[in-house]
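Just below is one structure, and these are the notes that go with it.
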Amino acid sequence: MDETTSYPPIEPSNFDLIVVGTGLPEAILAAAASAAGKSVLHLDPNPSYGSHYASLPLQEFTTYIESHSSQSSANLPIPQSDMDSGFTRVPLTTRPLYSSVEITSYSLEPLEQSRKFNVDLSGPRVLLCADAMIDLILKSEVNQYMEFKSIDGSFISDGDGNLESVPDSRSAIFKDRKLSFTEKNQLMRFFKLVQGHLEAAAAADGGESSESKSISEQDLESPFVEFLSKMGLSAKLKSIVLYAIAMAEYDQENGDVCKSVLKTKDGIDRLALYHSSVGRFPNAPGAMIYPIYGQGELPQAFCRRAAVKGCIYVLRMPVNSLLMDKASGSYKGVCLASEQELFSHKLILAPSFVVQLPLPHSSPDAHDFGSRNATEKLARSICISKHSLKLDVANCLAFFPPRSLFPEQVTAIHVLQLSSNVAVCPSGMFLTYLSAICEDDVQGKKLLHAAINVLFHVPVSGSSGNNNNFAEDQSETGDAKPALLWSVLYTQELAKFQDVLDNIIRTPMPDGSPYYHDLLGATEKIFQELYSGEEFFPKSTSSEEGAAQELED
């Protein structure tokens, strides 16, 4: 018997909001709507929470990627239109969001321990301690469902295959042996100038005077790379500030290929966020933390918070079609795979869903809602090894700036290494994520293959056979790079902007940032689109200070 038919009818049958998919944006929106007193039904065709933001065992991860790739045709069933009611059943199908999946195994050991992995679908990603996402975690009190661990440090490629520490604080600058005395002075003067500007801006906002000097409006509107040059920073320091701290994605020095120019005012804001993150929590001396058991803990935590506020959850329940009013063509509800019809004022869809248009009153030029073609893609890779990228470093973030691997490299590559002390892989192994913005699959794989070859010792060819001795003999060969045991490369579609159609909103895919700031901003905009004027997560009776203390512990 079909698993969906075994469910009893969902009661009630009318809701303020129905959410399909349990990814992080959908989970946050369900929790926010529930906290605002709305009745919410949260559905997911998958057997677990997280959707494209989940953390999965290794074998389940590869199955998920392949089943949602362009090589698959796993669409939801399309029911016939209901001619006996006042509604038209508009089919809801899925679209492939991953492509060019390339899995290579050099050892059977990772797959033999598949259940000991928690692999992020949205990696590489960390949390900045002063980011808006941390503030939301504290405000909503979902921190009581999670634990975090500090990221040990950040590194940046020097262009010669070496990873050097990012001097992101006063003490780090003084301790850095790779910086010359002149470079240390340049960086200290620059950070002092930025601090003075922020103090002056804060004083002005409070109606007070300040002795600190502000950066001129003309400079604030100029490209950040030009301002850094104006401040006399060396090419090495500019690369560190632009790509390891301010997180610029495109080559800021080359206007012909740079699709996103970082302005000075935005760069200053990113520096301020980074430096306010350093040492915010006593148990996390650095700027970044990571959830124990993986990023998939975040959507689960928000779903639990929503359930506390009355949200109803049903997993393993596909939505076959949407109910549209025959007369007006407006959205009214959904039809489940169990054939039950449920009604709501508004609907949120995960990014993989497509509504088959045209609707009765849509324009002749209308396209399938949810099938927007993005001009950019995101190349991702996960690598498994038995040794760390850096000696005595368990968890770290690393960056390959544009042109640090080959002259045609126009985007930065982000790298995150995680160890077993955050419960994402077996003891003695390391999980490394890589990502880069690209135009197509070919460019994406070229970028990631170049980074992988710099970071790892890669055998000539992969095989499905057991090759465990290769990794064990690494130290005897004197090879400083960790041996690659297993890897996957694939390309992810980028859906940066939500589509809105008659109270139907589609959430975005994970973006290319290693942080959550932009994703949370887009999610909050969706909430305001749904419930204009209502507060996004009203403060609870308990204090945020108490929640912060719990996060630190």
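Data for the structure
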item: Ala495 long-range amide H proximity, modeled H, under 5 Å; result: Met509
item: Spin-label pair Ile103/Ala480, simplified geometry with 7 Å Cα→Cβ offset, distance in nm; result: 3.4 nm
item: Potential extension, Phe343-Val460 segment - 0.36 nm per residue separation minus Cα distance; result: 36.5 nm
item: Table column - 3J(HN,Hα) (Hz), segment 437-447, Karplus curve with 6.51, -1.76, 1.60, x for Gly and Pro; result: 5, 8, 8, 7, 4, 5, 5, x, 5, 4, 4
item: Area accessible to solvent at Glu147, 1.4 Å probe radius, in Å²; result: 120 Å²
item: Gain on full stretching of the segment that runs from Arg115 to Gln356 - 0.36 nm per residue minus C-alpha separation; result: 83.0 nm
item: Dimensionless Rg/Rh of segment 211-335 - Kirkwood Rh, Rg from C-alpha atoms; result: 1.20
item: Inter-label distance for Asp440 and Ser48, nm, one decimal - labels placed 7 Å from Cα along Cα-to-Cβ; result: 3.5 nm
item: Cut-off under 5 Å, modelled amide H: who pairs with Ala248 long-range; result: Tyr243
item: From phi via Karplus (6.51, -1.76, 1.60), per-residue ³J(HN,Hα) for segment 132-146 in Hz, x at Gly/Pro; result: 4, 5, 5, 4, 5, 4, 6, 5, 7, 6, 6, 4, 5, 9, 9
item: For Arg506, distant residues with modelled amide H under 5 Å away; result: Leu349, Asp499
item: Spherically averaged projected area in nm², based on the convex hull that wraps the Cα atoms of segment 94-217; result: 15.7 nm²
item: Total formal charge among the other residues, if their Cβ is under 10 angstrom from that of Gln409, Lys/Arg +1 and Asp/Glu -1; result: 0
item: Extension gain (nm, one decimal) between Gln144 and Lys175, 0.36 nm per residue minus Cα-Cα; result: 7.5 nm
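The values are calculated or read from the model by the stated rules, or taken from the named source; none is laboratory data. Keep in mind the model is a prediction, meaning the values are calculated, not measured. Cβ: placed from backbone, ideal geometry, glycine included. Neighbour counts: every protein chain shown. What goes into the accessible areas is simple: the full protein's heavy atoms, side chains included, and nothing from ligands, DNA or RNA. Shrake-Rupley method; radii C 1.70, N 1.55, O 1.52, S 1.80 Å.
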